[in-house]
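A.B. asks: The structure follows.
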Amino acid sequence: MIGINLEKAKDVWRDKIRTARTEKFKQLDVEFMRAVETADTDTQTAVAAQKQALRDAPADSAITDATTPDELKNIQPTGLEIK
(Lines give C-alpha, C1' and ligand atoms only; values in the text may rest on other atoms or scores of the structure.)
Protein backbone atom coordinates (compact mmCIF):
# COMPACT_ATOMS: atom_id res chain seq x y z
CA MET A 1 0.00 0.00 0.00
CA ILE A 2 1.27 3.42 -0.93
CA GLY A 3 0.77 6.04 1.76
CA ILE A 4 1.20 9.76 2.00
CA ASN A 5 3.64 11.22 4.45
CA LEU A 6 1.41 13.99 5.77
CA GLU A 7 4.24 15.85 7.50
CA LYS A 8 6.15 16.13 4.22
CA ALA A 9 2.94 17.06 2.43
CA LYS A 10 2.46 19.92 4.91
CA ASP A 11 5.97 21.19 4.15
CA VAL A 12 5.26 20.96 0.42
CA TRP A 13 1.99 22.88 0.92
CA ARG A 14 3.82 25.63 2.82
CA ASP A 15 6.34 25.88 -0.04
CA LYS A 16 3.49 26.12 -2.56
CA ILE A 17 2.03 28.99 -0.55
CA ARG A 18 5.40 30.75 -0.53
CA THR A 19 5.70 30.36 -4.30
CA ALA A 20 2.12 31.47 -5.01
CA ARG A 21 2.39 34.60 -2.90
CA THR A 22 5.42 35.94 -4.80
CA GLU A 23 3.35 37.45 -7.62
CA LYS A 24 0.79 38.81 -5.16
CA PHE A 25 3.59 40.56 -3.23
CA LYS A 26 4.69 42.27 -6.46
CA GLN A 27 1.15 43.52 -7.12
CA LEU A 28 0.77 44.76 -3.56
CA ASP A 29 4.14 46.53 -3.70
CA VAL A 30 2.97 48.52 -6.72
CA GLU A 31 -0.33 49.32 -5.02
CA PHE A 32 1.50 50.42 -1.87
CA MET A 33 3.90 52.70 -3.75
CA ARG A 34 0.99 54.34 -5.59
CA ALA A 35 -0.65 54.96 -2.23
CA VAL A 36 2.58 56.48 -0.91
CA GLU A 37 2.80 58.80 -3.90
CA THR A 38 -0.73 60.06 -3.28
CA ALA A 39 -0.39 60.04 0.53
CA ASP A 40 -3.32 57.61 0.77
CA THR A 41 -2.68 56.26 4.26
CA ASP A 42 -5.86 54.15 4.31
CA THR A 43 -4.68 52.17 1.29
CA GLN A 44 -1.17 51.93 2.72
CA THR A 45 -2.57 50.43 5.91
CA ALA A 46 -4.82 48.00 4.02
CA VAL A 47 -2.00 46.84 1.74
CA ALA A 48 0.36 46.42 4.70
CA ALA A 49 -2.23 44.20 6.38
CA GLN A 50 -2.63 42.10 3.22
CA LYS A 51 1.13 41.68 2.93
CA GLN A 52 1.37 40.62 6.58
CA ALA A 53 -1.39 38.05 6.04
CA LEU A 54 0.61 36.63 3.12
CA ARG A 55 3.74 36.49 5.27
CA ASP A 56 1.81 34.65 7.97
CA ALA A 57 0.10 32.21 5.59
CA PRO A 58 2.73 29.41 5.69
CA ALA A 59 2.48 29.38 9.50
CA ASP A 60 -1.31 28.94 9.47
CA SER A 61 -2.24 26.55 12.26
CA ALA A 62 -4.74 24.88 9.92
CA ILE A 63 -1.78 23.39 8.05
CA THR A 64 -0.38 21.90 11.24
CA ASP A 65 -3.83 20.68 12.29
CA ALA A 66 -4.69 19.04 8.95
CA THR A 67 -5.16 15.29 9.27
CA THR A 68 -5.77 14.37 5.62
CA PRO A 69 -4.42 15.50 2.25
CA ASP A 70 -7.88 16.81 1.33
CA GLU A 71 -7.96 19.02 4.43
CA LEU A 72 -4.55 20.34 3.43
CA LYS A 73 -5.68 21.12 -0.12
CA ASN A 74 -8.63 23.08 1.22
CA ILE A 75 -6.33 25.56 2.98
CA GLN A 76 -6.33 28.50 0.60
CA PRO A 77 -4.94 31.77 1.97
CA THR A 78 -6.91 34.84 0.96
CA GLY A 79 -5.95 36.12 -2.44
CA LEU A 80 -4.08 32.96 -3.44
CA GLU A 81 -5.05 29.85 -5.34
CA ILE A 82 -2.86 26.92 -4.38
CA LYS A 83 -2.96 23.76 -6.47
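A.B. asks: Taking the 0 to 90 degree range and rounding to the nearest ten, how far is the long axis of helix 41-56 tilted relative to the main principal axis of the chain, both from C-alpha atoms?
C.D. replies: 20
A.B. asks: Please get the size of the charge dipole for the chain, origin at its Cα centre, with Cβ charges of +1 on Lys and Arg and -1 on Asp and Glu, quoted in debye to the nearest 20. Provide the component values of the computation, followed by the final result.
C.D. replies: Numbers: 13 positive and 15 negative charges, 61 e Å.
The dipole of the chain has a size of about 300 debye.
A.B. asks: Continuing with this model, one more query. If the chain were replaced by its equivalent ellipsoid, with semi-axes equal to the square roots of 5 times the Cα gyration tensor eigenvalues, what would those be, largest first, whole Å?
C.D. replies: Computed over the chain, the values are 33, 11, 8 Å.
A.B. asks: A further question on this structure: Would you mind getting the accessible area per residue of the chain, heavy atoms of the protein chains only, 1.4 Å probe, in Å²? Don't jump to the answer; show the numbers that get you there.
C.D. replies: On the way: 5870 Å² over 83 residues.
Here the per-residue accessible area is 71 Å².
A.B. asks: Just want the answer: with Cβ charges of +1 for Lys and Arg and -1 for Asp and Glu, which residue in Ile17, Val36, Ala48 is farthest toward the dipole's positive end in segment 1-58?
C.D. replies: Ile17
A.B. asks: Normalising by the residue count of the chain, find the relative contact order in percent from Cα pairs under 8 Å and 6+ residues apart.
C.D. replies: Details: 50 pairs, mean separation 36.6, N = 83.
Over the chain, the number comes to 44 percent.
A.B. asks: Lysine pairs in the chain with Cα distance under 13 Å, only those 8 or more apart or on different chains: how many are there? Provide the component values of the computation, followed by the final result.
C.D. replies: Values: Lys8/Lys16; Lys10/Lys73; Lys16/Lys73; Lys16/Lys83; Lys24/Lys51; Lys26/Lys51; Lys73/Lys83.
Lysine pairs meeting both conditions in the chain amount to 7.
A.B. asks: Quick one: ranking Thr38, Thr22, Thr43 by accessible area, 1.4 Å probe, largest first, what do you get?
C.D. replies: Working: Thr38 100, Thr22 70, Thr43 40 Å².
Sorted descending by solvent-accessible area, the residues read Thr38, Thr22, Thr43.
The values are calculated or read from the model by the stated rules, or taken from the named source; none is laboratory data. This structure is a prediction, so every number in the text was calculated from the model and none was measured. Note that we place each Cβ from the backbone using ideal geometry, even for glycine, and neighbour counts take in every protein chain shown. SASA here: full protein model, heavy atoms, side chains in, ligands and nucleic acids out. Shrake-Rupley method; radii C 1.70, N 1.55, O 1.52, S 1.80 Å.
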